[in-house]
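Asks: Please read through the structure below; I'll follow up with questions.
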Amino acid sequence: MMTTSKDNRLLREQAIGREGETVRGRACKAVRSVTVNGAESPLGWLLSRGLVSRRQFDAGEQLRRDWERGGLAPNVTMHWDAAPIGRQRGGSSGPRDLLAGQVDARRRFDAALAAAGPGLSDILWRVVCAGEGMRDAETALGWPARAGKLVLTIALDRVADHYRIR
């Protein structure tokens with residue numbers, strides 16, 4: 001089967017184990033490999049395994065889109081805008097102007113998190129927006145293993161109700 005160059009970047013073979021490694025005192029000869037989709041989000045992973053419904057997935061994707069459109073992600077590069085002219089030393093003239101679309105997306109995002117509730121918005125933000133895996137999010141929040149999936153599904157249901165996704 002032929003793959004395009006884009007597919008090659010997204011799907012790659014990843015080796016599990018090394019030849020000559022010992023497992024329980026025995027040497028391993030064969031190296032196993034799995035196909036890894038580098039573009040798959042943690043929420044997409046949960047959907048592909050039937051752990052969240054399509055409605056919950058769509059609600060999470062809408063929340064992530066609002067987060068990205070609102071410019072809420074941390075900046076990792078330099079702003080190359082012209083330096084603002086100010087009267088004070090340092091030249092700062094205040095916060096950057098936001099576009100109307102960014103303001104609307106931030107309002108939608110804040111309203112969706114408020115609809116999820118204060119105890120549920122933490123896991124929702126970590127998995128959907130920040131792209132943390134479930135295990136990492138549970139550890140960061142100090143929760144026991146497998147508790148995050150249940151809390152995430154409740155939060156996604158509330159966000160789906162907020163966005164009126166059926």
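Asks: Less than 14 Å Cβ to Cβ from Leu47, Lys/Arg counted +1 and Asp/Glu -1: what total charge do the surrounding residues give?
Replies: Surrounding charge for Leu47 is +2.
Asks: Note the full-extension length gain between Ala115 and Leu99 as 0.36 nm times their separation in residues minus their Cα-Cα distance, in nm to one decimal.
Replies: Gain on stretching Ala115 to Leu99: 3.3 nm.
Asks: Can you tell me the FRET efficiency between Arg49 and Arg69 if r is taken as the Cβ-Cβ distance and R0 is 41 Å, rounded to the nearest 0.05?
Replies: Once rounded, the FRET efficiency stands at 0.90.
Asks: Quick check on packing: order 138-144, 46-52, 65-71 by the mean number of other C-beta atoms within 10 Å, highest mean leading. Walk me through the numbers on the way to the answer.
Replies: Details: 138-144: 13.0, 46-52: 14.7, 65-71: 17.1.
Top of the packing list down: 65-71, 46-52, 138-144.
Asks: Under the Karplus relation 6.51 cos²θ - 1.76 cosθ + 1.60, θ = phi - 60°, what is the ordered set of whole-Hz ³J(HN,Hα) values for region 146-153, x standing for Gly and Pro?
Replies: Result, ordered by residue: 6, 6, x, 5, 5, 5, 4, 5 Hz.
Asks: Give me the net charge for the shell around Asp66: Cβ to Cβ below 11 angstrom, other residues only, Lys and Arg +1, Asp and Glu -1. Spell out each step's value before the answer.
Replies: On the way: positive: Arg64, Arg65, Arg69, Arg106, Arg107, Arg108; negative: Glu61, Glu68, Asp104, Asp110.
Residues close to Asp66 contribute a combined charge of +2.
Asks: When you count, for each residue, the other Cβ atoms within 10 Å and take the mean per peptide, how do 152-161, 126-135 rank with the highest first?
Replies: Highest to lowest by the protection proxy: 152-161, 126-135.
Just so you know, all these numbers are worked out from the coordinates, no wet-lab data involved. A quick note: this is a predicted structure, and the numbers were derived from the prediction, not measured. A quick note on method: Cβ atoms are made from the backbone with ideal geometry, for glycine too, and the neighbour counts reach across all protein chains shown.
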